[in-house]
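Novice: This is the structure, below, for whatever I ask next.
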Amino acid sequence: MKKIYFLCTGNSCRSQIAEGFAKKYFPSHWEVRSAGIETHGLNPKAVATMKEAGIDITMQTSDLIDPDFFQQADFIVTLCGDAADNCPIIPTTTHYEHWDLSDPGKATGTDQEIAAAFSNTREDIKERMMQLVKRLA
């Protein structure tokens, strides 16, 4: 079984969205997880934006990086600069990619503007995920 790990600061928005898409689009021989350098809990707006896309992420949890899974991962994706700068040293045998995405959890403005920030991030992650699946699966 191959392993892919999506890492972000608090494992509440971007990495959760990525995990949801990866579980949908990657073949079953890939084990998909996400984690953070901290845990901030699953953001309800991330849940809502994924529900709009037809993906239920309510059973996902906000987790700290698992050192064993990290060391065994075939592919690691960081989704923010903080995770890229502060995660453990990526093993030389692991493929790595960085997606520098703004945090929709920090969006301000009206409810509509905040929802748009989540939707934009979701669509960006979905497009990147589709490209990643084409390359790896």
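Novice: Within the chain, how many Lys pairs that are eight or more residues apart, or on different chains, come under 12 Å at the alpha-carbon?
Specialist: Working: LYS3/LYS23; LYS23/LYS126; LYS24/LYS126; LYS45/LYS106.
Pairs that pass both the separation and distance tests number 4.
Novice: On a 0 to 90 degree scale, rounded to 10, what angle separates helix 111-136 from the longest Cα axis of the chain?
Specialist: 30
Novice: State the antiparallel share, in %, of DSSP beta bridges confined to the chain, rounding to the nearest 5. Intermediate results must be reported in sequence, preceding the final value.
Specialist: Numbers: 0 of 16 bridges.
Just about 0 percent of them are antiparallel.
Novice: Given a 1.4 angstrom probe, I'd like the percentage of the accessible area of the chain that is carbon and sulfur, rounded to a whole number. Present the calculation step by step, with values, prior to reporting the outcome.
Specialist: Numbers: 3480 of 7100 Å².
The nonpolar share, carbon plus sulfur, comes to 49 percent.
Novice: Relative contact order for the chain: what percent, with Cα pairs under 8 Å and sequence separation of 6 or more?
Specialist: Values: 247 pairs, mean separation 40.6, N = 137.
Rounded, it is 30 percent for the chain.
Novice: Measure out, as a whole number of angstrom, how far apart the alpha-carbon centroids of the stretch 11-39 and the stretch 71-137 sit.
Specialist: 9
Novice: Quick one: 3J(HN,Hα) in Hz for the stretch 9-22, Karplus 6.51/-1.76/1.60 with θ = phi - 60°, rounded, Gly and Pro as x.
Specialist: So the J values, rounded to whole Hz, are 4, x, 6, 10, 10, 4, 5, 5, 4, 4, 4, x, 5, 5.
Novice: Further, regarding this structure: Skip the ligands, DNA and RNA, and give the accessible area per residue of the stretch 1-135 with a 1.4 Å probe, whole Å². Let's see the in-between values first.
Specialist: Working: 6990 Å² over 135 residues.
I get 52 Å² per residue for the stretch 1-135.
Novice: Follow-up. What label, among [x] 165; [y] 104; [z] 95, belongs to volume of the Cα convex hull per residue in Å³ computed from the structure on display?
Specialist: Among [x] 165; [y] 104; [z] 95, the one derived from this structure is [z].
The values are calculated or read from the model by the stated rules, or taken from the named source; none is laboratory data. As the structure is a prediction and not an experimental result, all values here were calculated from the model. Side chains are part of the model used for accessible areas, which takes the heavy atoms of the whole protein and leaves out ligands, DNA and RNA. Shrake-Rupley method; radii C 1.70, N 1.55, O 1.52, S 1.80 Å.
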